[in-house]
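The values are calculated or read from the model by the stated rules, or taken from the named source; none is laboratory data. Bear in mind the structure is a predicted one, so any value in this text is a computation, not a measurement. Methodologically, a virtual Cβ is constructed for each residue, glycine included, from the backbone with ideal geometry; neighbour enumeration extends over all protein chains shown. Side chains included, ligands, DNA and RNA excluded: accessible areas come from the protein's heavy atoms. Shrake-Rupley method; radii C 1.70, N 1.55, O 1.52, S 1.80 Å.
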Amino acid sequence: MGHRLDIAGIALAVGVLAPPSHAQVDVFDEPDPVRARLVSERTGLVAGRVNILGIVYEMDPEWHIYWPGQNDTGLPTTFELSMPEGYELRDAVWPAPHRHESPGDLLDHVYEGTTLIMLPVFVPASANGSGTVTITGESEWLMCREACIPGWTEDLSIVLPIASSTALTERSADAGLFREARLRSPRPIASAHGDITL
């Protein structure tokens with residue numbers, strides 16, 4: 001994705017703790033306190049429409065990652081998806097973050113607990129009848145508690161069937177996360193994506 005060395009380098013420069021290898025193992029040889037996975041609101045994608053995928057970040061208690069807006073410290077969470085030609089990733093919908101104040105009048109905007117970033121994806125009409133599609137991705141974040149550790153994954157992946165209508169799909173096991181994300185969204189999604197019915 002091209003940002004990993006930048007994140008690790010900046011983290012070291014500001015004096016935070018960086019892992020010696022992949023973020024799935026931190027410096028204490030314990031499981032990563034932040035995990036990410038790629039999910040879909042429905043069990044299939046509908047050709048010719050915008051469908052809603054998402055990246056779920058699950059954080060252990062007291063850990064947080066950063067909103068990609070104005071912050072006094074930290075680094076923004078980033079991601080990148082790979083999908084077939086003709087598929088189009090629209091603007092991500094980030095839920096409202098939490099205020100995180102630190103000594104020295106430092107103010108950051110962070111995510112804690114479980115957070116889902118909604119990703120509207122347009123599926124071309126030509127995809128109808130193509131069977132299934134595999135969408136993969138990468139993400140990077142800075143996870144902090146008392147110290148900070150750069151984290152990343154190159155293993156975001158989901159395989160979904162292509163349907164001709166919404167009636168041929170069902171809400172997925174992760175649909176509740178999308179409902180929660182909508183409640184936390186700082187603006188109506190329909191105003192940003194007029195062709196999406198949520």
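Remarks
- Per-region count, region 110-126, residues open to solvent by less than 20 Å² (accessible area, probe 1.4 Å) and either in contact with a helix residue (DSSP H, G or I) (Cβ under 9 Å, 6 or more places away or on another chain) or modelled with pLDDT under 95 (or both): 5
- Residues that are β-branched (Val, Ile, Thr), buried (at least 21 other Cβ atoms within 10 Å of the Cβ), outside any loop (DSSP other than H, G, I, E, B) and out of contact with any helix residue (DSSP H, G or I) (no Cβ under 8 Å at 6 or more places or on another chain) within region 39-95 comprise Ile55, Ile65, listed in sequence order.
- Counted residues, region 131-143 - those being more than 30 Å from Asp108 (Cβ to Cβ) and either touching a Lys or Arg at 6+ places or on another chain (Cβ under 9 Å) or surrounded by fewer than 14 Cβ atoms within 10 Å (Cβ to Cβ) (or both): 3
- Among the candidates Glu146, Glu170, Glu101, the residue that is touching a Lys or Arg at 6+ places or on another chain (Cβ under 7 Å) and loosely packed, with under 13 Cβ neighbours inside 10 Å is uniquely Glu170.
- Tally, over region 67-104, of residues that are of a type in the set (Ser, Thr, Tyr) and under 15 Å from the mean Cα position of the chain (by Cα): 3
- Pairs linking a residue in region 147-164 that is aromatic (Phe, Trp, Tyr) to a residue that is surrounded by fewer than 20 Cβ atoms within 10 Å (Cβ to Cβ), with Cβ atoms under 6 Å and 6 or more positions apart or on different chains, are Trp152/Arg4.
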